[in-house]
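A quick write-up on the structure given underneath.
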Amino acid sequence: MLLVHSGYAFRLKNKLAYGKKQWYCTSRTKTGCQVDVTTVFHQLKTVVNRVRNKHNHPPPGFYRRNDGSFKIV
């Protein structure tokens, strides 16, 4: 599962209490990027609740597939 927020891609790391989810930057292992995002499900949609730290790299390239999912290139 992939989340795109502000041009950056995130992979699901943890499902937390009360429907929250924690996501790590997809460049975490490659660049050591420490950004993580927490989302919540609110009024029938997923909302970014918190962003911690700053990216140490430019946004990755990606495209949207026909099924609506994203692919990092």
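Only the coordinates and a few stated rules stand behind these numbers; no lab work does. Here the structure is a predicted model, which is why all the values come from computation and not from measurement. Cβ atoms come from the backbone with ideal geometry, glycine included; neighbour counts cover every protein chain shown.
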Rounded to one decimal in nm, the spacing of the 7 Å Cα→Cβ label points at F70 and A17 is 2.9
To the nearest 0.05, what FRET efficiency results for R50 and L2 with a Förster distance of 25 Å applied to their C-beta separation?
0.85
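Fewest to most neighbouring Cβ within 10 Å: what's the order for D36, D67?
Final ranking by Cβ density, sparse to dense: D67, D36.
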Which ³J(HN,Hα) values, rounded to whole Hz and listed in residue order, are derived for segment 22-29 from phi using the Karplus coefficients 6.51, -1.76 and 1.60 in 6.51 cos²θ - 1.76 cosθ + 1.60 with θ = phi - 60°, glycine and proline given as x?
10, 10, 10, 4, 5, 8, 4, 6
Dipole in debye (nearest 20) - segment 1-69, about Cα centre, beta carbon charges: Lys, Arg +1; Asp, Glu -1:
140
Which far-off residues, 5 or more places away or on another chain, put their amide H under 5 Å from the one on V35, with H placed in the peptide plane?
C25
Sorted from fewest to most neighbouring beta carbons within 10 Å, what does the list T39, T46, T29 look like?
T29, T46, T39
Order these by the 10 Å Cβ neighbour count, fewest first: V37, V4.
V4, V37
Tell me the relative contact order for the chain as a rounded percent, counting alpha carbon contacts under 8 Å between residues six or more apart.
22
